[in-house]
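Heads up: the structure comes next, in C-alpha cells.
No value in this document is a laboratory result; all are computed from the given coordinates. These numbers were taken from a predicted model, which means no experiment stands behind them. Reconstructed Cβ throughout: ideal geometry from the backbone, glycine too, with neighbour counts over all protein chains shown.
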Amino acid sequence: MNELVIILDFGGQFNQLIARRVRELGVYSEVLSYTTPLEEIQARKPIGIIFTGGPSVVTEEDAPTIDKSILELGIPILGICYGCQLIGHLLGSVVSKSTMKEYGSTEIKYDTNSIIFSEVGENGICWMSHSYSVEKEPAEDFRVTASTKNCSVAAFENESKNIYAVQFHPEVVHTKGGTKMLENFLYKACAAKGDWVIKNFGEEEIEKLRKKIGDKKVLCALSGGVDSSVAAVLLNKAIGKNLICIFVDTGLMRLNEGDEVENLFKNTYGANFIRVNAKERFLSKLKGVTEPELKRKIIGEEFIRVFEEEAKKIGQVDYFVQGTIYSDVVESGSKNSAVIKSHHNVGGLPDVIDFEEIIEPLRDLFKDEVRKLGISLSMPEFLVYRQPFPGPGMAVRCIGEITEEKLEILRQTDFIFRSEIEKVGLNAEIWQYFTVLTGVKSVGTMGDERTYGYTIALRAVTSEDAMTADWARIPYEVLANISTKIVNEVSNVNRVVYDITSKPPATIEWE
C-alpha cells in the first residue's frame with residue numbers, strides 16, 4: 001500500500017496540477033471532492049491533506065466548506081489559495097475583500113524559518129490569483145510566514161499542529177521554488193518516504209489483474225493510441241491468451257491509421273486481434289448531430305454496443321478493459337465538480353452493459369505516468385511517445401455535422417500538418433498537433449476565380465501531462481509552408497489559421 005496524500009477539491013483550475021506535482025515528487029496522490037465524509041478520509045489513512053484553490057468566496061453562505069474537526073485529526077494540512085482562506089475562516093480569522101487584487105506573478109517575502117520555505121530564499125516570485133485574503137493569522141499560536149506588497153498574510157502556519165496555508169499557487173511553474181515548497185510539505189511536514197514508483201505500480205497491477213481475472217476471458221478496447229496500447233500490453237502480461245483485443249475502425253481515424261494499428265498488434269505482438277469495420281454504423285448514428293457532448297456520448301455508447309456484439313460471437317467474455325486515464329476521469333467531472341467535457345470512455349458509457357465488470361488498469365495514472373509504465377513494460381518508444389489522439393477521433397475535430405467529405409478534408413490536412421512537423425524535427429518538442437475543420441466558410445480567390453471554402457485551424461501545444469498546455473511556437477516559415485500545402489493540395493479549403501490559446505482557458509481539443 002502506497003503512502004497517500006489526499007487533495008480536497010474546492011473547484012480550482014489548478015487542482016489536478018497539484019496532484020501531478022505531488023506524484024512527481026514520489027508520493028501517490030488522489031483528488032477527492034470536498035464533500036467526501038471525514039470518516040472516509042480518515043479510513044484512507046493519508047499522510048497529508050491539501051486543500052485546493054477555488055472560485056468561491058469563503059464567507060458566502062453556500063461556499064464550499066468542510067467539517068472543522070479535520071484540522072484536529074493531527075494529519076498535516078496545506079491550504080492553497082481558497083484552501084488558505086478556508087483554514088483561516090474555520091479558525092475564526094477574518095477573510096475580506098482585498099483593497100488591491102493580485103493576479104499573476106507577484107514579488108513575495110518568505111520567512112525561511114518555516115519548514116515550507118526552507119531552502120527557498122527570502123525573496124521570491126509567486127503566482128497569485130485572488131481578490132480575497134486572510135486579514136491576520138487565525139490565533140496567537142499561528143504565525144505569518146510570507147507577505148507581499150498588497151497581501152500582509154500571504155502565508156501562515158502552526159508547525160506544532162502541522163497546519164500550513166499559502167495564498168499563492170506553489171503548484172504552477174510561475175512560483176519560483178514552488179516545487180521545493182511542496183517537497184518540504186511532503187517530506188518535512190508529512191514525513192513521506194516517497195514510495196510511488198511507476199515500475200512497482202506495473203508489477204503490482206499485473207499481479208492484481210492475474211488474481212482478479214484468473215482463467216476468465218477479457219475484451220480490450222484497443223484504439224492503437226498510447227493509453228489503450230499500454231493497457232493491452234499490461235493485460236497481455238497478466239493473462240496472455242485470455243486477452244482478446246478488438247479494434248473498432250469507426251471511420252473517424254487519421255489517414256491509414258486503421259491499417260497501421262492492425263499491422264502493429266498482429267505482426268509485432270501476435271495478439272488475439274479482431275478488427276471491426278464499423279464506419280457506416282458510426283456515421284449513421286452521428287448524422288445530423290452537431291452538439292459536442294452528444295457526439296461523445298453517441299460514440300461511447302456505440303463503442304460498447306459493438307464490443308457486446310463481438311463478445312457474443314466469441315462466446316463467454318467476462319470483463320471489458322479500456323485505457324481510461326486519470327485526466328479523462330477528472331475532465332469528465334463528477335456529481336460535485338464541473339464537467340469540462342465527457343470522454344467517450346467515461347461520460348459516454350451507457351448505464352447497462354453486458355459484461356461482468358469494466359476494468360480500467362490505468363485509471364489512476366496521468367499521461368506521462370502511462371508513458372513511463374509503457375517503457376517499463378519494454379514497449380517500443382515510437383508507440384509509447386505517439387502523440388495523443390482522442391477516443392472519439394476526428395468527430396471532435398470536425399465542428400458541426402460530420403460527413404465523409406469533411407472527414408476526408410481532415411485526414412488530408414492532418415496528414416500534411418503532421419508530415420511537415422516531422423520533416424523539420426519538431427515532433428519531439430510538441431505534445432500534440434492536429435488540424436480542425438472549423439465549420440466556417442469564407443471567400444477566397446484562386447487562379448483569378450472566387451472561392452468559398454472551409455477554414456482549417458492548426459492546433460499545436462506543448463505540455464507535460466495535458467492538464468495544462470501552451471501553444472507551440474512553430475517558426476513562421478514552417479507555418480507558411482504548411483498553409484500553402486494545405487490550400488494547394490486539399491480541395492474546398494481556402495484559409496488556414498493558427499490557434500494560439502493556452503489551456504486553460506481553452507482545452508487542447510476544440511470539442
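For an R0 of 41 angstrom, estimate the FRET efficiency from the Cβ-Cβ distance between HIS174 and GLU357 and round to the nearest 0.05. Numbers along the way, then the final one.
Numbers: r = 43 Å, r/R0 = 1.04.
Calculated transfer efficiency: 0.45.
Apply the Karplus curve 6.51 cos²θ - 1.76 cosθ + 1.60, θ = phi - 60°, to the phi angles in segment 55-66 and return the couplings in whole Hz, x for Gly and Pro.
x, 7, 9, 4, 8, 6, 4, 9, 5, x, 8, 8
Using a simple spin-label model with points 7 Å from Cα along the Cα→Cβ vector, what separation in nm is obtained for SER98 and LEU38?
3.1
List the extent of the Cα atoms of segment 198-384 along each of their three principal axes, largest first, rounded to whole Å.
45, 39, 33 Å, listed from the longest principal axis down.
By counting other Cβ atoms within 10 Å of each Cβ, how are ILE274, ILE421, ILE50 ranked from fewest to most? Can you show the working numbers first?
Numbers: ILE274 16, ILE421 22, ILE50 29.
The most exposed by this proxy come first: ILE274, ILE421, ILE50.
Over the Cα atoms of segment 397-498, what is the Rg over Rh ratio if Rh follows Kirkwood? Don't skip to the end; give the middle numbers.
Working: Rg = 14.0 Å, Rh = 14.2 Å.
So for segment 397-498, dividing Rg by the Kirkwood Rh gives 0.98.
Long-range amide H contacts for ARG254: which residues qualify at under 5 Å (H placed 1.01 Å from N, peptide plane, sequence gap of 5 or more or a different chain)?
Correct list: empty.
Can you give the log10 of the normalised intensity I(q)/I(0) at q = 0.09, 0.11, 0.13 Å⁻¹, computed with Debye over equal Cα scatterers of the chain?
Calculated log10 I(q)/I(0) at the listed q: -0.72, -1.02, -1.26.
Please give the FRET efficiency for TYR498 paired with ASP141, using the beta carbon to beta carbon distance and R0 = 41 Å, rounded to the nearest 0.05. Mind dumping the intermediate values first?
Working: r = 55 Å, r/R0 = 1.34.
Efficiency computed from Cβ-Cβ geometry: 0.15.
Under a cut-off of 19 Å between alpha-carbon atoms, report the lysines in cross-link reach of LYS149, not counting same-chain residues fewer than 8 places apart.
Answer for LYS149, where 19 Å is the Cα cut-off: LYS97, LYS101, LYS109, LYS136, LYS176, listed by chain and number.
Neighbour counts of other C-beta atoms within 10 Å: give me THR250, THR484 arranged from fewest to most.
Values: THR250 26, THR484 12.
Ranked by crowding around the Cβ, least crowded first: THR484, THR250.
Can you compute 3J(HN,Hα) from phi for each residue in segment 501-511, using the Karplus curve 6.51 cos²θ - 1.76 cosθ + 1.60 with θ = phi - 60°, rounded to whole Hz and x for Gly and Pro?
In residue order, the calculated couplings are 9, 7, 10, x, x, 7, 9, 5, 6, 7, 10 Hz.
Reachable lysines from LYS45, Cα under 21 Å, same-chain residues fewer than 8 places away excluded?
Once the sequence-local lysines are set aside, what remains near LYS45 is LYS68, LYS161, LYS188, LYS193.
Between GLU464 and ASP111, what is the label-to-label distance in nm when each label sits 7 Å out along the Cα-to-Cβ direction?
2.9
Need the list of aspartates and glutamates near LYS241 for cross-linking: C-alpha distance under 14 angstrom, and skip anything on the same chain fewer than eight residues off.
ASP215
If you plug each phi of segment 469-486 into the Karplus form 6.51 cos²θ - 1.76 cosθ + 1.60 with θ = phi - 60°, what whole-Hz ³J(HN,Hα) values come out, in order, with x for Gly and Pro?
Values per residue, Gly and Pro as x: 7, 10, 5, 6, 7, 6, x, 4, 5, 6, 4, 4, 5, 5, 4, 4, 5, 4 Hz.
Based on other C-beta atoms within 10 Å, arrange ASP470, ASP364, ASP249 from fewest to most. Write out the running numbers ahead of the final one.
Working: ASP470 13, ASP364 17, ASP249 20.
Ordered by Cβ neighbours within 10 Å, fewest first: ASP470, ASP364, ASP249.
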